[in-house]
């Protein structure tokens, strides 16, 4: 944490209003709380061109970083991925030399580090606290975006801590949901796991659910899930097959994702189309991983599973059947006899 005065631009997250052309500012509540916690003495730069010389070096470094690392725009899947890349670029920057200076950026920082004051011992919560109410779709609205919560919370008021990259939802003191924050407006971030209890009562809503589409796009609902769902629906019917799939999805709450996927693939290969068989195979996959044994390949068609199909076992024990296949050819002789046409009754 820097000592003495800190030069700040008039960023909107810190400055609510500039008073005249002097250094007086109306600060936002969150910024006032933060600098009071950190013990910062702020020196605000003049707005516009009059204050350009007061912050030129910092703005120049921001432009250099943007041109070197953010042009073209990086292709990332999430804000967390982008932040990890920015951290890696910062570590690379420690080896950079500015102009003809004898030391690198990292070496200069090592000299300055002992002069900084330590951070306060207590934690400062940077998230903004909100208290939305859960609607009938088990969603909350935060900054014009929709986020899912467990269906049991429908109609209740929850607490939300909104951060720059994510938001965390609490029911009382218990965390019930965590989502990556959406950068646009009018979007939705839905977790399929939040709707499973409701889908058990209404399985017909699963095929067209937006949460299912997002789970597929995120790789949580894999082609192995789809193959098991299709086979179970053919064997037991659409409603019963979908309920069995939902029971399998509930296993993800207590077991690792890759263990459940391995269990689904093994049960599918053996023709054991029940959630109990998937749970058994998933536990065996976890035990094999814990003991260091090589587990089964989850790609369909290359699975060696200890699950035995009872139907195949019974058929294998029967003697070969030498009887000819049944035929209905004998009934073809009935086709040669035509019924007499119905004529008018004779008087």
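The values are calculated or read from the model by the stated rules, or taken from the named source; none is laboratory data. Being a predicted model, the structure only gives us computed values, none of them experimental. Because the Cβ atoms are built from the backbone with ideal geometry, glycine has one as well, and the counts that use them run over all protein chains shown.
Taking the stretch 9-21, which residues are assigned to a loop (DSSP other than H, G, I, E, B) and either under 39 Å from the mean Cα position of the chain (by Cα) or not assigned by TED's automatic domain parsing to the domain that holds residue 62 (or both)? Residues satisfying the conditions are 9, 10, 11, 12, 13, 14.
Scanning the stretch 41-78 for residues that are part of a loop (DSSP other than H, G, I, E, B) and either exposed (fewer than 10 other Cβ atoms within 10 Å of the Cβ) or out of contact with any helix residue (DSSP H, G or I) (no Cβ under 8 Å at 6 or more places or on another chain) (or both) yields 47, 55, 70, 71, 72, 73, 75, 77, 78. Of all residues in the stretch 125-141, those satisfying the criterion of being without any contact (Cβ under 8 Å) to a residue 60 or more places away in the chain and either assigned to a loop (DSSP other than H, G, I, E, B) or under 23 Å from residue 198 (Cα atoms) (or both) are 125, 127, 131, 132, 133, 134, 135, 136, 137, 139, 140, 141.
As a summary of the residue check, residue 107 satisfies the conditions (1) in a loop (DSSP other than H, G, I, E, B); (2) without any contact (Cβ under 8 Å) to a residue 40 or more places away in the chain; (3) more than 30 Å from residue 191 (Cα to Cα) except for the one numbered (1). Residue count for the stretch 22-37 satisfying the condition of being part of a loop (DSSP other than H, G, I, E, B) and either surrounded by 11 or more Cβ atoms within 10 Å (Cβ to Cβ) or in contact with a strand residue (DSSP E or B) (Cβ under 6 Å, 6 or more places away or on another chain) (or both): 2.
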